[in-house]
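Visitor: Got a structure for you, questions after.
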Number of protein chains: 2
Amino acid sequence: MKRIIGSPGTVSGLLLRIGQFLFASASISTMASAIGFSTYTSFCYLIASMGFQLLWSFGLACLDIYALKRERNLQNPVLLSLFVVGDWVTAMLSLAAACSSAGVVVLYARDMDFCKIHPDLPCRRYEISVLLAFITWLQVSISSHVMFWILASV
Amino acid sequence: MKRIIGSPGTVSGLLLRIGQFLFASASISTMASAIGFSTYTSFCYLIASMGFQLLWSFGLACLDIYALKRERNLQNPVLLSLFVVGDWVTAMLSLAAACSSAGVVVLYARDMDFCKIHPDLPCRRYEISVLLAFITWLQVSISSHVMFWILASV
């Protein structure tokens, strides 16, 4: 069993999953509390993508806890392939959602100066939510790289 | 020497690099020919990112031609690590650029209906450029996965 930092069934892997779960939840709640977010397709997509990420990370965190308690080895090729595919899909979706929302935020805050012209727009909340989504993606991308590395060298 | 489709120093690898180069060039030229693109940070970033992609793919295509002509093996760990890092960086940048531009395009074409209200906006060109950027990213992501796989199993 390979013990790379962040590999499944280890404490570091579990902490990474908990981090993903927490940041994804924070991103969703910040965006959902911003008035008028549902007008923007990108922001709705951010919530959907972070929701998917949250469920995935929660599932894998439970699996890590089970493996740690029962001292089970999760590193068989079939399970690893499943983790790799899931992690890659969620990582891509998270990056795509964070970037498309960032595109809209930059347009409003910088290119068009809408945030200054319309002070009632909750621009700060949009920005914080996008930042949290980027942090989530960073953690998922670490997980997915570790998984891919372990699978390729099994 | 591993002969996975798309690996460096093979015909399929060369074709993939040429494809990336062509689609990145097409994306840049379509965006650059759209009036007023420079007002938008996301579109400028798309051009910068595709420009970087174009140079990287061109360099690796030349290296592939050299390896094919001289029948050299490019699969040593140092070169592969360089390819992996470069491919991952350009793939991430391409996806980020494509998604942030897509966010702005969707906002204009769907959420705000700006494309209908202002028919002088070159929305169609923006859309085509973003589509070409996504195709470029797809090809780079194939390359980077292949490189990572070969490096991990060397």
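The values are calculated or read from the model by the stated rules, or taken from the named source; none is laboratory data. Being a predicted model, the structure only gives us computed values, none of them experimental. Backbone-built Cβ (ideal geometry, glycine too); neighbour counts: all protein chains shown. Surface accessibility is based on the protein's heavy atoms, side chains included, excluding ligands, DNA and RNA. Shrake-Rupley method; radii C 1.70, N 1.55, O 1.52, S 1.80 Å.
Visitor: So is B:A67 part of a helix (DSSP H, G or I), farther than 13 Å from B:S143 by Cα and within 14 Å of chain A (Cβ to nearest Cβ) or not?
Guide: Taking the combined requirement at face value, the residue does not satisfy it.
Visitor: Also, I was wondering about something else. Quickly run through region A:100-136 and pick out the residues that are open to solvent by 40 Å² or more (accessible area, probe 1.4 Å), of a type outside the set (A, V, I, L, M) and under 24 Å from the mean Cα position of the chain (by Cα).
Guide: Result: A:R124, A:R125, A:E127, A:F134.
Visitor: Which one of the conditions (1) within 13 Å of chain B (Cβ to nearest Cβ); (2) closer than 18 Å to A:Q20 by Cα does A:F83 fail to meet, given that it meets all the rest?
Guide: The single condition A:F83 does not satisfy is (1).
Visitor: Among the residues that make up region A:30-38, is at least one of them within 13 Å of chain B (Cβ to nearest Cβ), under 30 Å from B:C44 (Cα atoms) and of a type outside the set (G, A, S)?
Guide: Yes, the conditions are met somewhere in region A:30-38.
Visitor: Let me ask something else about it. When A:M147 is evaluated against the numbered criteria (1) of a type in the set (A, V, I, L, M); (2) under 17 Å from A:A24 (Cα atoms); (3) touching a helix residue (DSSP H, G or I) at 6+ places or on another chain (Cβ under 8 Å), which criterion, by number, is the only one it fails?
Guide: (2)
Visitor: Among the numbered criteria (1) among the hydrophobic types (A, V, I, L, M, F, W, C); (2) open to solvent by 80 Å² or more (accessible area, probe 1.4 Å); (3) within 23 Å of A:S100 (Cβ to Cβ), which single criterion is violated by B:M50?
Guide: Only one criterion is unmet by B:M50, namely (2).
Visitor: Would region A:28-36 turn up any residue that is exposed (fewer than 15 other Cβ atoms within 10 Å of the Cβ), part of a loop (DSSP other than H, G, I, E, B) and hydrophobic (A, V, I, L, M, F, W, C)?
Guide: yes
Visitor: Taking the conditions exactly as written (more than 15 Å from the chain's Cα centre (by Cα) and of a type in the set (S, T, Y)), does A:Y40 satisfy them or not?
Guide: Criteria met by A:Y40.
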